[in-house]
Amino acid sequence: MEEERALNFIEQEIVEDIKNERYPKHIHTRFPPEPNGFLHIGHATAICFNFGIAKKFNGKTNLRFDDTNPTTEKTDYVDAIQEDIKWLGFEWDGEPLFASDYFDELYNYAIKLIKAGLAYVDDSTSEEIAEQKGVPTEPGKESPYRNRPIEENLDLFTRMKAGEFPDGSKVLRAKVDMTSPNMHMRDPLIYRIKKEHHHRTGDEWCIYPMYDFAHGQSDSIENITHSLCSLEFKHHRPLYNWFIEKLEIFPSRQIEFARRNLTYMITSKRKLLKLVEGNYVDGWDDPRMSTISGLRRKGYPAEAIRNFCEEVGMAKRDNVIEIELLESHVRDVLNREANRIMVVEDPIPLTIANYPEDQVEIMIAQNNPEDESAGVREIPFSKYLYIDREDFMVDPPKKYFRLAPGKTVRLKNGYIIEYLSHNEEDGEVKSIECKYFDNSKSGEDNSGIKAKGTLHWVSKEQAVKVQLNNYEHLFSDPTPLAHEEKEFIDLVNPNSLTINAEALSEPSISSAKPGDYYQIFRKAYYAVDTKSTGSPVILNKTVALKGAWKDKSKK
RNA sequence: UGACCCAUGGUGUAAUUGGCAACACUACGGUUUUUGGUAUCGUCAUUCUAGGUUCGAGUCCUAGUGGGUCAACCA
């Protein structure tokens, strides 16, 4: 059943590497988050990609926290990140790993470099170093400390580690090439002094390696074969390889891909933080957020996210993927798996004139027409019902299939009814009266009546109030970051959340638990909120059904 | 006036590596339907431009155009 998909450019490279026996053992990838924030949809694509490729080639994937900057990193994030990855359905090889576990090894690598005359302690200030590096269009200048004797460098670096110097007073730099057109090769900083408490190593260290001297080396230590990262690290690759060569360590291979962008979503940790801190949303897991926890709370199934990542492919060009593609995968999974339920959003009383006053009939409804095994449920039917305001019009346009004067419709899982009369006050419909055909009961209909429309309904006596959190895109513009004259924060959609506390559900909703998802018949998919305690049940709108009909008489 | 990367429909990716531009989403129009859902059928492209190589170019070569990335003691 599995369809063979064309290999993307990275997979083709891996096939080549396997053919050439570049890596005799298995393929090994890694996902390297920095524990300084929550994972978002952009990370999800990287996760699916790294784990997916390893799986495809019978390899393994490590989870490694890139925790080399104690200023911003926290254990809370470590836990949340693991939860998100597990929820997405992936399993890393062995225990979670940490770059901080390699601090001793990394330190020894630095000593090795110094001894080889390939690294030096620089006393320049950060401004001076920036000055030396210069601009990309012209060569940089060498630091006055560049040619310190090896012994002096060794002594100074040891004392840096011992805490003898204040923050920022000295750094360790790799001696590469100050004239390189690649800024990252102009004697990059590899160690800095930071007398700060680290979330795992505590106060053991006061010098910390920079990204370029931690990430690639960690890859090598873990025998990572393919280190897949986004395009902006392309310029780091020569340095990545330089360290492998000079340190004579395992030759991991870095390959870059284009990060994926989605319309109506942003994936910058800083900007996401601004939304949280400015109370534009209700926390990191607000259903409008692009965080994995937000999407989860909104009701996006992990499978839909995985399918989306698989289908969207991988390339090197800039891209903005339409959110509709993700949404179609969400609908696809939910259509298959969500039980249907009837909920009236804006109730109007409907009385069936010829139905016995005190009778309550139990109707049998299919939970999911796409899945026989989902079974059936019982729905009470009676003389007094509610239907949705949207489903009745006094003066309907041409192709209106719903209830109107002179019209006949099917009540889903109930009877066919025909309009008799209605009451209006100040132009607003207050109630409707119909008659039913007692030989038109769902499943045993021999009335011969054809009803074009089918409506959902609830029985007045047994209906249960529920709260509907109706979400729209967080931004009113598909690309909120693409406007020079406008801040993304000013493009927040004022209608991104509408709360409907007056909706009435059929009684079976009472058994709903947080995380359960439903298709509200004819409307949308909803997930029970994580904070829903039972009465009323709180439902978060996941995504609307496609719905084609539009009232063309309105403007 | 540096270096590197990228360019296929409205969107994202394909094209057996030089052989009829395909798949999915979106939009629009049919069919089916006790969800205006699902399913199903159909419609929507001078492959950025100009040259060149070739029987044949989205693919190779040259030039141009457009877009992106790089100058944190962040990752």
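The values are calculated or read from the model by the stated rules, or taken from the named source; none is laboratory data. Every value quoted in this text rests on a predicted model; they were computed, and no experiment measured them. Counting neighbours? That spans all protein chains shown, and the Cβs are built from the backbone with ideal geometry, glycine included. To get the accessible areas, we keep the full protein, side chains included, count just its heavy atoms, and leave off ligands, DNA and RNA. Shrake-Rupley method; radii C 1.70, N 1.55, O 1.52, S 1.80 Å.
Pairs A:Lys55/A:Lys246; A:Lys194/A:Lys246; A:Lys56/A:Lys269: which are spaced more than 28 Å apart, C-alpha to C-alpha?
Checking Cα-Cα distances, A:Lys55/A:Lys246; A:Lys56/A:Lys269 exceed 28 Å.
Taking segment A:463-535, which trypsin sites (Lys or Arg not before Pro) meet the DSSP loop condition and have no more than 14 other C-beta atoms within 10 Å?
Sites meeting the loop and neighbour criteria: A:Lys486, A:Lys531.
Do you know the relative contact order of segment A:30-84, to the nearest whole percent, from alpha carbon pairs under 8 angstrom that are 6+ apart?
Rounded, it is 54 percent for segment A:30-84.
Ordering A:Val135, A:Val330 from largest to smallest accessible area (1.4 angstrom probe), what's the sequence?
Most to least solvent-accessible, the answer reads A:Val135, A:Val330.
I'd like the accessible area for A:Thr454: 1.4 Å probe, protein heavy atoms, all chains in place, Å² to the nearest 10.
50
Averaged across orientations, what area in nm² does the convex hull of the alpha carbons in segment A:111-225 project?
8.0
Express the accessible area of segment A:374-430 per residue in Å², computed with a 1.4 Å probe while the remaining protein chains stay in the model.
Counting only protein heavy atoms, the per-residue value for segment A:374-430 is 49 Å².
Please report the antiparallel percentage of DSSP beta bridges with both residues in chain A, rounded to the nearest 5.
So the antiparallel bridges in chain A amount to around 70 percent.
When Lys and Arg each count +1 and Asp and Glu each count -1, what net charge do the other residues less than 15 Å away from A:Ile341, Cβ to Cβ, add up to?
Residues near A:Ile341 contribute 0 overall.
I want the local charge near A:Lys74. Using Cβ-Cβ distances under 11 Å, sum +1 for each Lys or Arg and -1 for each Asp or Glu among the other residues.
It works out to a net charge of -4.
With a 1.4 Å probe and every protein chain left in place, work out the accessible area per residue of segment A:9-257 in Å², rounded to a whole number.
43
Please report the relative contact order for chain A, taking Cα pairs under 8 Å with a sequence separation of at least 6, and give it as a percent rounded to a whole number.
Here the relative contact order equals 11 percent.
Count neighbours as other Cβ atoms within 10 Å of each site's Cβ, and list the trypsin sites (Lys or Arg not before Pro) in segment A:297-342 that are DSSP loop with at most 15 such neighbours.
A:Lys316, A:Arg317
Per residue, how much accessible area does segment A:269-337 show when a 1.4 Å probe rolls over the protein heavy atoms, in square angstrom?
46
Of the heavy-atom accessible surface of chain A (probe 1.4 angstrom), what whole percent is carbon and sulfur?
Summing carbon and sulfur atoms, their accessible area is 47 percent of the total for chain A.
If the cut-off is a Cα-Cα distance under 13 Å, which aspartates and glutamates reach A:Lys541, setting aside same-chain residues fewer than 8 apart in sequence?
A:Lys541 reaches A:Asp286, A:Glu327, A:Glu345, A:Glu472, A:Asp516, A:Asp529.
Can you flag which of A:Lys60/A:Lys316; A:Lys112/A:Lys195; A:Lys398/A:Lys441 are past 30 Å Cα-Cα?
Check vs 30 Å cut-off fails for no pair.
Hey, what number do you get for chain A at 222 nm if only DSSP H runs of n ≥ 4 count, each worth -39500 (n - 2.57), divided across all residues, to the nearest 500?
-7500 deg cm²/dmol
Taking the DSSP beta bridges in segment A:9-257 as the whole, what percent of them are antiparallel, to the nearest 5?
50
Taking A:Lys133 as the anchor, which lysines have their alpha carbon closer than 21 Å to its alpha carbon, excluding any fewer than eight residues away along the same chain?
Within the straight-line limit of under 21 Å, A:Lys133 reaches these lysines: A:Lys141, A:Lys170, A:Lys175, A:Lys234.
For segment A:183-269, which GluC sites (Glu not before Pro) pass both filters: DSSP loop (anything but H, G, I, E, B) and at most 16 other C-beta atoms within 10 Å?
In loop regions of segment A:183-269 (DSSP not H, G, I, E or B), the sparsely surrounded GluC sites (Glu not before Pro) are A:Glu196, A:Glu204, A:Glu248.
Using alpha-carbon positions, what is the distance between the centroids of segment A:261-278 and segment A:347-423, in Å?
Segment A:261-278 and segment A:347-423 have Cα centres separated by 43 Å.
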